[in-house]
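One structure is given below, encoded as structure tokens.
Just so it is clear, none of the values below were taken in a lab; they were calculated from the coordinates. None of these values were measured; they are calculated from a predicted model. Cβ atoms come from the backbone with ideal geometry, glycine included; neighbour counts cover every protein chain shown.
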Amino acid sequence: MSRKIDLSFVNHGTLFLAMPGTDEGHQWLLENCDAESYSWLGPNLAIEHRFAADIADGASADGLEVEWCGRRLFTRNENLRA
């Protein structure tokens with residue numbers, strides 16, 4: 001059985017949305033992202049492109065299952081993310 005995706009990072013052009021797919025993903029965002037209230041769109045966190053890879057890397061390092069949706073981007077820790 002495949003594991004459920006905890007956080008999806010969706011490219012919306014000028015911003016990414018970090019969209020929790022599990023309660024663990026949502027809790028991780030709350031505990032690890034110091035975001036202003038206007039950055040929250042329901043359970044989703046709107047983030048600038050320059051922060052998306054670091055947030056995804058942190059979540060993945062903490063054991064969460066992360067997926068990328070939309071255009072590919074480079075990160076410091078990996079050559080390419082899908």
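Looking only at the stretch 23-72, which residues are touching a Ser or Thr at 6+ places or on another chain (Cβ under 9 Å) and without any contact (Cβ under 8 Å) to a residue 24 or more places away in the chain?
Passing the criteria: Cys33, Asp54, Asp57.
Condition test on Asp34, is it touching a Lys or Arg at 6+ places or on another chain (Cβ under 9 Å) and surrounded by fewer than 17 Cβ atoms within 10 Å (Cβ to Cβ)?
When the stated conditions are applied, Asp34 does not pass them.
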